[in-house]
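The values are calculated or read from the model by the stated rules, or taken from the named source; none is laboratory data. Bear in mind the structure is a predicted one, so any value in this text is a computation, not a measurement. Neighbour counts run over all protein chains shown; Cβ positions are idealised from the backbone, glycine included. Keep in mind that these areas ignore ligands, DNA and RNA; they rest on the heavy atoms of the full protein, side chains included. Shrake-Rupley method; radii C 1.70, N 1.55, O 1.52, S 1.80 Å.
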Amino acid sequence: MEQRVDTIIIGSGICGLSSAHFLSKQTNDFLVLEASDKVGGIIQTENNSDFICENGPNTVLLNNDAIIELIKDCKLWESIKLPSESSNKNRYVLHENELELIPTSFKKFIRSPLLSFKSKLRILFEPFISKHKENTTVYNFVVKRFGKDFHDQFIEPFITGIYAGDTKKMSAKHSLKILWNLEQSHGSVLRGLFKQKRKGNQMGSFNLPKGLSQMIHKIAEPIKDRIHLNVAVEKVEKNEFGYKVSTKSGTFLSKKIICAVPAYSLINLFTDEQLNNELKNVRYTPVDVFHFSFKRDHIKNQAPGFGVLTKPSDQKNYLGILFSSRTFDHVAPQDSELFTVLVGGERQKELCELPKEQLETIVLRELKQLICQQGEVTFKKHFRWKRGIPQYDMNQETLSTVIKGFEAQNTGLFILGNFYEGISVSDCILKAKNIANKLS
Ligand SMILES: Cc1cc2nc3c(=O)[nH]c(=O)nc-3n(C[C@H](O)[C@H](O)[C@H](O)COP(=O)(O)OP(=O)(O)OC[C@H]3O[C@@H](n4cnc5c(N)ncnc54)[C@H](O)[C@@H]3O)c2cc1C
């Protein structure tokens, strides 16, 4: 027997769940179909032994109205946890095996040992460099505008922090969207930044008392009757009703469809050759996430801050370390510190093939060296994302065009996900709100 419903949302990651949330303000006539046994997708908090460990995102940006609306709707606004003031001010890159602050003001930049005098001078010429006429890689964009040293010391680690990606493959227009748009609209990134700063643009970020899964559970709670877990969608076909959605546990008919699954799952749902050819080109890079805790007294390096990112030239076996409990003190007991180490990405893919125990030994040794830790590990956890972070390569423009074309040919069908037009949780929520608005 086929079940009929107005809208089907496929996938209950933040894209699918927030679509359901915004849609629920207009109608109850929808269902969310989720392949796994839980909601949230990549947003996965593990609460154990007094530690709050984020296996996926650690912080969510408060950079658009949709995320703020969602948090307020979930009645979580009053309880959001903001990062400590010191973590907002202090972010590090590794420099000669030590923590070096990323400068946050012109004065600090001038004094920073991360760039030579010549490389600093080179940056001042940026406003005189012509803007790009067409898209290019992140590497080419940054080297042309600011020089190679700036790329190596600042942008490469920054890209590592968000995409764990390879700047020589990634699209500047899509991965460095803000810098690209500043260049395109002001003719220079620096000129654009200067004007923007005077406007006083500010962005904050947050976590929650029980971790980010708390937001997931709050979104899911009021619509739990409309979420079907362990239902993997196998095929979506057009028919006279609208769409026929096939799963092992039955067939659903709907007038509208929101597909909120990763590109590698979406590829199986439709038979459109052009769409599938583009989806095949979306690469996902693996990431291993380690959580380690030590007694506070055993750690010599007490540098306050958000964390540290590495560059290829540092030759470390990790991409970055988040100082999780220095950023959010509620994630570990008072006498302990929690560190989250990220490994893999495009730079160190092969490490994500190693057995967990072997990789853990390597990573722990390097973590202990950096923070001068002398006692035993008191708590540890590990999570492996085999297909972790989608890469915004040079195919992004074509991918977006093909998806828009496919949506235009299929009335009432929308494709949503972190693999195009915004990877962050807050981007995903904004895209979901826009789609829900289109359905009203
Ligand atoms: C290690 C890591 C750290 C990150 N850190 C941050 C951060 O600090 N801040 C930030 O903003 N972002 C961060 N991100 C990115 C962000 O978490 C993701 O972009 C976002 O959560 C993706 O949400 P999504 O809904 O697009 O996809 P997903 O979370 O992947 O959800 C897709 C859902 O679809 C389901 N599904 C798949 N196929 C089917 C099918 N056939 N039928 C039904 N259901 C199906 C899956 O089971 C899953 O539940 C991080 C990502 C990773 C991996």
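May I ask you to verify whether Leu253 is within 28 Å of Val138 (Cβ to Cβ), open to solvent by less than 20 Å² (accessible area, probe 1.4 Å) and not assigned by TED's automatic domain parsing to the domain that holds Lys177? Criteria not met by Leu253. Only a single item in (1) charged (D, E, K, R); (2) open to solvent by 80 Å² or more (accessible area, probe 1.4 Å); (3) within 16 Å of the ligand (Cβ to nearest atom) is not met by Glu54, and it is number (2). Taken together, Lys280, Lys311 contain a single residue that is closer than 23 Å to Asp166 by Cβ and without any contact (Cβ under 8 Å) to a residue 40 or more places away in the chain, which is Lys280. When Phe294 is tested against the conditions (1) within 16 Å of the ligand (Cβ to nearest atom); (2) of a type in the set (Phe, Trp, Tyr); (3) not assigned by TED's automatic domain parsing to the domain that holds Gly405, the lone failure is (1). Checking the structure you have, find out if any residue of the range 408-417 is within 28 Å of Lys173 (Cα to Cα), surrounded by fewer than 17 Cβ atoms within 10 Å (Cβ to Cβ) and at pLDDT 95 or above. Within the range 408-417, one or more residues are within 28 Å of Lys173 (Cα to Cα), surrounded by fewer than 17 Cβ atoms within 10 Å (Cβ to Cβ) and at pLDDT 95 or above. All of (1) of a type in the set (Gly, Ala, Ser); (2) in the same structural domain as Ala432 (by TED's automatic domain parsing); (3) open to solvent by 70 Å² or more (accessible area, probe 1.4 Å) hold for Ser185 with one exception: (2). Where helices (runs of 4 or more DSSP H) sit wholly within the range 212-328, those with at least 2 residues that are under 19 Å from the mean Cα position of the chain (by Cα) and not aliphatic (A, V, I, L, M) occupy 213-220, 263-266, 324-327. Scanning the range 30-70 for residues that are within 23 Å of Phe419 (Cα to Cα) and of a type in the set (Val, Ile, Thr) yields Val32, Val39, Ile42, Ile43, Thr45, Thr59, Val60, Ile67, Ile68. For the range 258-281, the candidate set comprises residues that are of a type in the set (A, V, I, L, M) and within 12 Å of the ligand (Cβ to nearest atom); within that set, the residue that is nearest to Gln391 (Cα to Cα) is Ala263.
Residues of the range 333-352 that are in contact with a Ser or Thr (Cβ under 8 Å, 6 or more places away or on another chain) and open to solvent by 10 Å² or more (accessible area, probe 1.4 Å): Glu346, Arg347, Lys349. Taken across the range 8-20, residues that are within 16 Å of the ligand (Cβ to nearest atom), in a loop (DSSP other than H, G, I, E, B) and of a type in the set (A, V, I, L, M) do not occur at all.
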